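The values are calculated or read from the model by the stated rules, or taken from the named source; none is laboratory data. No experiment lies behind these values; they were computed from the predicted model shown. So basically every Cβ, Gly included, is an ideal-geometry build from the backbone, and we count neighbours across all protein chains shown.
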């Protein structure tokens, strides 16, 4: 660790922070455009570097994961934020879709943010998303709770933000940087995670103009470098994407001293810290009468929520919650096993994954691997029938950062009662508040009614709730917010504090709510069973960096053939 070199980078940022905070909007837009150009130039190379590092065969459709999770999401979010800044330049405020705002019966304001345009409507037919605002925001005061940095009367003094990037998904670091730069108006030092610091040169290429002009600096290294940066007196704020354990070490310190500080709620730093720290992501599967094709579709949906990125996602499926009297429970679980059995096994590339896997299997001896285990390879594994009454079960309290999903069952005199029980279980037993999923057949929805589903979504204390599809779409759409449910504190951090993405710049988002059809044709290209995911993803990158309706047919063709 070269502390002199690090100190010099921080001095340069400190000298630039006031200038960046007062920079005219036109210049901010220019810089954001330069990032989009950088993603276009470097994105595919960054994705392929991830393919090599994660042991994905270069000709596999799984290559699409690295495109979707890296440059496609980055380009989309930057493009939508750019559109918002251009609207602010024209009208003084973000421009919402027509008739986007509604007020729920309890007074909470919900704003539709997806689809954003005709392209979204064509590529994601039947999907919608809203951002529900925190209590206290009304339809009349909504404008006063958007784009706070751009409504300021005078430029702030400026701040130096440290972004501690995640090691699993290539878009997390650059989008956290974009949030600090363009939403909060802070200059950034990004410290790359050693697990995927191979993304560093590509991200530096994307942010080249901001680096050239002194508004962004980058750093590599391990925990010692991270600790030095966090404690540096000229770092004003910190944003962490990682684990709650890493967060607690940063805030309270390591070892016994850190535990003592946490118990007394005495942080060793007074810096503002925002974070996204993972989740034991629940999937509530509502009982119903499903056809074989519907069982197969939803089994592929759930398998995707675990198998994407080899299970190393903060929004990966971790707990399946089934009705104990559902007549198709066994058929669904058998179908899920069959989908896992047909998937290629993946390299357990994240450090500590094999140790975590062993811990979960030891704590839950009923675990059922689907396929063999070999050196560096972990099988897809289901832990069936974890008693819901076993509130301290490892599967409920720890994030299985590997290829494991657990299953539990709950009672309910009818589907509506089961849903209420499942919501309570998620809120009171399952660790974390990042994202949750509800899978519900249209006929079951008719039985319980839209109002019951709306109440359940409202009662779930999660930052994203998705109906029928993976909540990761709330991460990927860019216009939706991404982060924990509001209200956590440093000494009880759960899934973190704050939200990112959120291209319409809502100041007080509570949760993103995504709804999609029970089944979709053609098969969603993010499904791990889609045989042309890589081809769709490459074309999506081209679309997001250079939008044109003429590109839709090519995307649709590969989507249908997959």
Being farther than 21 Å from residue 91 by Cβ and within 28 Å of the chain's Cα centre (by Cα) is the filter; apply it to region 139-161 and report the residue that is surrounded by the fewest Cβ atoms within 10 Å (Cβ to Cβ).
158
Considering region 259-286 alone, what residues qualify as being surrounded by 17 or more Cβ atoms within 10 Å (Cβ to Cβ) and outside any loop (DSSP other than H, G, I, E, B)?
261, 262, 273, 274, 275, 276, 281, 282, 283, 284, 285
Tell me which of these residue 27 doesn't satisfy, since it passes every other one: (1) over 29 Å from residue 156 (Cβ atoms); (2) without any contact (Cβ under 8 Å) to a residue 24 or more places away in the chain; (3) part of a helix (DSSP H, G or I).
(1)
Would you call residue 434 outside the structural domain of residue 316 (by TED's automatic domain parsing), modelled with pLDDT of 95 or more and under 29 Å from residue 181 (Cα atoms)?
no
Filtering region 242-261 down to residues that are closer than 13 Å to residue 231 by Cα and within 23 Å of the chain's Cα centre (by Cα) yields 249, 250, 251
Within 23 Å of residue 276 (Cα to Cα), out of contact with any strand residue (DSSP E or B) (no Cβ under 8 Å at 6 or more places or on another chain) and surrounded by 16 or more Cβ atoms within 10 Å (Cβ to Cβ), is that true of residue 350?
yes
Return a yes/no flag: does region 60-77 have any residue that is assigned to a helix (DSSP H, G or I) and free of Cβ contacts under 8 Å to residues at least 24 places away in the same chain.
no
